[in-house]
Amino acid sequence: MIRRITMAGGTFAVAMGAGFFMQQGDASAGRDVARSDLTTAPVTAPTAALQTVSAEATNEVETNPVLDDVTFEAVLSDAETVAPTVANFDPDTAPETDTPEFPAAPAADTVAAEGSSCDPFMSARAMDAALVQLTLAAPCHSAQPLTVHHEGLMFTATTDASGNARIMAPALREEAMFIAAFDDGTGAIAETSVSDLVNYDRVVLQWQGDAGFEVHAMEFGANYGEQGHVWREAAREATDAATGTGGFLLELGQAVGDAPLLAEVYTFPTGKSPQAGTISLSVEAEITVNNCATDVSAQTLERTAEASVRIADLTLSIPECEAIGEFLVLRDLLTDLTLAQG
């Protein structure tokens, strides 16, 4: 039987706008980014107090055995709090940095002719459910990994043997800019308008490597395994959100290299749903042979229909390897969605 250890409100802490290993200083700091920022190397968080918060583990399924001393460690701001408070982020007022010297794509969904240039070239086209289809041509970067950047979201992708890639990505801003960056410092930029983003609430959980994280959405009182339980094994399709039927989950990132950037994105059609009620959101971390007895980090980005973005960073100390196969449940890291009767 699967055991889930619930971390309830007030039992863990998160960083309030502090630096993250995926570098907070990229596109999340404004509409433009410097080429020197487009790396996946760890960065140092701003100077702040360090606090370790011990969490009392509660068992949802059974009570034997009980895991003790499960701790969350986070870098906190001066106004530190144990509750999972997050910082507001406004891309319109954030400071801008130098524009990268990548070629910008036209509005049309076209790509550079193969072999015409070594310069990567990318276009973007808005799709249903506030998704964006990215088309990348990089003839001198065949079968190579790259990092996609968008408003703080980062994930790993790869080109095929011809240096091409088609990538589906979620928009976090109506005037959406995407950057594809290769390890050698080259890359491409594409922009498009996503006018229907106002109809959707969107939650991103992103991490690096085999951290074991999952996003779970319980729509309108659903329990585990029921129809309204949306997660990677019951992800639904974008058409469900586009038609107002329900939310869907999109997995991002390819597990290539030693520390790929991965993400899960839950989207709900807040402006299209005829149903009232609550959608409960949680983050779970499976204890595996690859993460047990280690510290793992993650970041959440919550984009509401009102266009505000909230960001939180988290470092989680995974229990010892005797707990492999169990799950830690972070109930209050994400904000539940409440839909009023239309």
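The values are calculated or read from the model by the stated rules, or taken from the named source; none is laboratory data. Quick caveat: nothing in here was measured; it's all calculated off a predicted structure. Cβ: placed from backbone, ideal geometry, glycine included. Neighbour counts: every protein chain shown. Just so you know, the surface numbers come from the protein's heavy atoms only, side chains and all, with ligands and any DNA or RNA stripped out. Shrake-Rupley method; radii C 1.70, N 1.55, O 1.52, S 1.80 Å.
Some values worked out for this structure:
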| quantity | calculated |
| --- | --- |
| Of all residues in the range 288-342 being of a type in the set (D, E, K, R) and out of contact with any strand residue (DSSP E or B) (no Cβ under 6 Å at 6 or more places or on another chain), the one that is farthest from Ser195 (Cα to Cα) | Glu322 |
| Evaluation of Leu146 against (1) open to solvent by 10 Å² or more (accessible area, probe 1.4 Å); (2) in a strand (DSSP E or B); (3) more than 30 Å from Ser273 (Cα to Cα) (one fails), failing number | (1) |
| Candidates Thr335, Thr304, filtered to the one that is surrounded by 15 or more Cβ atoms within 10 Å (Cβ to Cβ) and modelled with pLDDT under 90 | Thr304 |
| Extreme residue, nearest to the chain's Cα centre (by Cα), among residues of the range 260-274 that are farther than 23 Å from Arg331 by Cα and surrounded by 14 or more Cβ atoms within 10 Å (Cβ to Cβ) | Leu261 |
| Any chance Ile311 is farther than 21 Å from Thr245 by Cα and out of contact with any Phe, Trp or Tyr (no Cβ under 8 Å at 6 or more places or on another chain) | no |
| Which numbered condition Ala87 fails, given (1) of a type outside the set (Ser, Thr, Tyr); (2) at pLDDT below 95; (3) more than 17 Å from the chain's Cα centre (by Cα) | (3) |
| Some residue of the range 220-228 being under 18 Å from Pro170 (Cα atoms) and of a type outside the set (Asp, Glu) | no |
| Residue in the range 159-171 that is open to solvent by 60 Å² or more (accessible area, probe 1.4 Å), within 18 Å of the chain's Cα centre (by Cα) and at pLDDT 95 or above present | yes |
| Selection count, the range 175-195, where residues are surrounded by fewer than 19 Cβ atoms within 10 Å (Cβ to Cβ) and over 20 Å from Leu252 (Cα atoms) | 5 |
